[in-house]
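Data first, discussion second: the structure below is written as structure tokens.
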Amino acid sequence: MSNASKAHMGRVAADGCSLCRRIGYGHTPAEVHHAREGVGAGQRNSDWITTGLCAEHHRGATGVHGLGVRAFERTYGVTELQLVAETLEHIYGSQR
């Protein structure tokens, strides 16, 4: 892992849970979640295709790994990639 990847992943974790923020819970501690989009079973996406999720939304029964990606996205009305995009914008700001 490069120094840039390590720094980015630290920022993602420090940014808090992107889903908690989205649904109005405010800042909650987060773990880094690699979005599954575009990778095969058992593979991990790039460290740059990540978002922060709290333990429950990451590994819990109502989280992405507990529900599975499709059920998670249906339940919360947001895709993993939308959460990644929101995280990048929140950390680095809009580049428009």
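None of the figures in this text is laboratory data; all of them are computed from the coordinates on show. Keep in mind that this is a model prediction, so the values were computed, not measured. Virtual Cβ from ideal backbone geometry, glycine too; neighbours counted across all protein chains shown.
Ranked by how many other Cβ atoms sit within 10 Å of their own Cβ, fewest first, the residues SER2, SER18 fall in the order SER2, SER18.
Fully extending the segment from ASN3 to ARG74, taken as 0.36 nm per residue of separation minus the present Cα-Cα distance, adds 22.0 nm.
Taking only C-alpha pairs under 8 Å that are 6+ residues apart, what is the relative contact order of the chain in percent?
Working: 131 pairs, mean separation 25.8, N = 96.
Dividing the mean separation by the residue count of the chain yields 27 percent.
The rule of thumb for compact globular proteins, 2.2 N^0.38 Å, goes into the C-alpha radius of gyration of the chain 1.01 times.
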